[in-house]
Amino acid sequence: MELFPSDLDQRVLLHNVADRLTTVADHLPLPHQVGPDPALSEILDDEIRNLARLLGYLTGQHAFRHRAAANYPDTATASRRRVTLALAEAAEPTGAALAALSSAVHHLARLANLTRQRPGPARTRAIATAHQYLVDRLGESRTQLARAARHLRATADTRTTPPATAPVPPTASPAPSRTR
């Protein structure tokens, strides 16, 4: 089955957005790389900005496509509706990833503050807790980004099949007559 160029463009768009989400996730540090390092603040700053732009893109694309479908209903093909829905659905886990990164900033600030306090068992427990929360939020963000990217790729790789036409029943042939 040949794809129309617009269908191919739609697939490329979804894969492109999925790749951009994956890139953000790949830039996030792994659990063994997490600490009260100022470099982590820079990474979070960069990736939050990138993710916020992506979320804006997803919502903007949905709004644009929704208006286009309402204003030009004849152009709203099943493929375009599926892509529009996929972009809108990707906004939810992308927003959740952004929220998790925002929470990570809070826990990183708390961790940095705790390392400057007087040593003691309470401080040690508080540092361990803040560190674990930070690791958890980064992991949650990576999980949500992977979910959004996986969904976009699955939608891109799903081909719409044209409606099946019912086979034409064979015409009844006259029964052979028996001659005696």
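The values are calculated or read from the model by the stated rules, or taken from the named source; none is laboratory data. Every value quoted in this text rests on a predicted model; they were computed, and no experiment measured them. Heads up: the accessible areas ignore ligands, DNA and RNA and are worked out on the full protein's heavy atoms, side chains in. Shrake-Rupley method; radii C 1.70, N 1.55, O 1.52, S 1.80 Å.
Carbon and sulfur together cover what percent of the accessible area of the stretch 87-159 at a 1.4 Å probe radius?
54
Solvent-accessible area per residue for the stretch 47-137 at a 1.4 Å probe radius, Å²?
57
With Rg and Dmax of the Cα atoms in Å defined as stated, name the option among (i) 18.8, 59; (ii) 26.3, 116; (iii) 20.1, 58 computed from the structure displayed.
(ii)
What number, rounded to the nearest 500 deg cm²/dmol, is the helix-based mean residue ellipticity at 222 nm of the chain, given -39500 (n - 2.57) per DSSP H run of at least four residues and division by all its residues?
On the way: 4 runs with 131 residues, N = 180.
My calculation for the chain gives -26500 deg cm²/dmol from helical runs alone.
Can you give the percent of C-alpha pairs in the stretch 94-147 whose distance is more than 18 Å?
Summing the P(r) tail past 18 Å for the stretch 94-147 gives 37 percent.
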